[in-house]
Amino acid sequence: MGRVQEAQRLAALVLDRVLAGATLPTALAELAPLDEGAKGRRRALVQELAYGSLRHWGTLDALVGRLAAKPFSDPALRCLVAVGLYQLDHTRAPPFAVVDRAVQAAASVARPAAKPLVNALLRRYLREREALNREVASDPVARWSHPRWWIDRVRRDYPEDWEAILDAGNARAPLALRVNRRVSTREALRDAFAAAGIEAELVGEAGLLVARPRPVQGLPGYAEGAFSVQDLGAQLAAPLLRTESGQHVLDACAAPGGKTTHLAELVDIDLLALDTDEPRLARIRDNLARLKLTDRSVRVLAGDAGVPAQWWDGQAFDRILADVPCTASGVVRRHPDAKWLRRESDVAGFARQQTRLLDALWPCLAHGGLLLYATCSVFREENEDQIAAFLACRADALRESLTFPASVAHRGDQLLPSPPGASHNQDGYFYALLRKT
């Protein structure tokens, strides 16, 4: 079986698994595990097809529904047709090759008798593409490629920006790096990239945007700990916390450690990195080692931030970073499966969890100390509404004003995710800085 045909087959099976409830990373790991050589190239293509198809699933699913006269006997066959449509509309692959490989893949995805059906549907789309795209665009789910409840919520929360926010969720995410100031400088790393024929742009205070995303392990400086992979919006968290040398600091929901390592890079502090997920704590330790931060005062511990009695020794923290669990609605360009796996009821569930964590962590903060509340969500219920409710019942809490760099697009303390072509290039993070009086 050819590489493209096999990639189409595997991508269709990955989509089928995700739509049945599996996360995209889990489905990819099971069906197309990482490998070297030819298998590694096949895996990269499977990943491209699966991620792209999920970003545009609302549109693709509507198109398949218009093309097919009756339901598919095998759901994976529907996914295969959607993968083919994604290639025809969003890649440079020759249309005849896309159709031919998808027809051949139909035999292994479903059965040999399915080949004429796939051939007919994809060829009809090529003939009637413009008319079909116009027809499905009248449906909001197909137009914006987000669930209807998600569209309605974003439109209500951001009456001026909702279209740009939804468009941003369907964009390709850039490869953003944070330079480790203890190992290198942005200029030196950019020059090393240029010497290797890799174009990169200086952004923010510590960032580099790589023009063409690629495996980071092969980039100059990776093994030496010169950089971490971190979105530009996430790179703002550690500086916003305003840590000072010698302070006692808690990263309350730390895994996989991007913000933990950034805090350790900026200033010498006594840092506790806490998370409930024991296996993911290994990634924090690995990142600390690669970034040459093992000589810093960083302790990694398993524990529930919402139950301090399990892990807190009673010494108040000068700074707390509460990067709380959330719907991840601001980072769907990186995690497109979240759009289709989330349910509207999940928002209230996350909000309850966020309230629990804030209430539990506040007594751990020293008087005069700062707590930075952070999410990667754009939903007000998890962000502004959450902070407003907290402040309403805490006489000893004051909200500090935040100042973002001029290049950062935001509404108040909500960072706006970047739609295609935007001058900024960040995910949709929310930050609120609270001082204990």
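No value in this document is a laboratory result; all are computed from the given coordinates. All figures in this text were calculated on a predicted structure; none of them were measured in a lab. Ideal geometry is used to build each Cβ from the backbone, glycine not excepted, and the neighbour counts take in all protein chains shown.
Worth a mention:
- GluC sites (Glu not before Pro) restricted to DSSP loop in region 8-100 with at most 13 other C-beta within 10 Å: Glu36
- FRET efficiency estimate (nearest 0.05) - Cβ-Cβ, Arg92 to Val216, R0 22 angstrom: 0.35
- Per-residue [θ]222 nm for the chain (sum of -39500 (n - 2.57) over DSSP H runs n ≥ 4, rounded to 500): -14000 deg cm²/dmol
- Taking amide H atoms as placed 1.01 Å from N in the peptide plane, the amide H of Ile320 lies under 5 Å from those of Leu250, Leu370, Leu371, Leu372, each 5 or more residues away in sequence or on another chain.
- Three-way shape label, region 78-196, alpha-carbon gyration tensor, a/c 1.5: oblate
- Normalising the average separation of contacting C-alpha pairs (under 8 angstrom, six or more residues apart) by the number of residues puts the relative contact order of region 127-279 at 17 percent.
- For the chain, the tally of Lys pairs with Cα-Cα distances below 30 Å comes to 7, considering only residues 8 or more apart or on different chains.
- For region 348-394, the set of trypsin sites (Lys or Arg not before Pro) satisfying both a DSSP loop assignment and a count of at most 16 other C-beta atoms within 10 Å is given as Arg394.
- The Rg/Rh ratio for the chain is 1.00, where Rg is the radius of gyration of the alpha carbons and Rh is the Kirkwood radius.
- Region 113-176-region 399-415 distance, computed between alpha-carbon centres (Å): 30
- The slack in the chain from Glu130 to Asp286, taken as 0.36 nm per residue of separation less the alpha-carbon distance, amounts to 51.2 nm.
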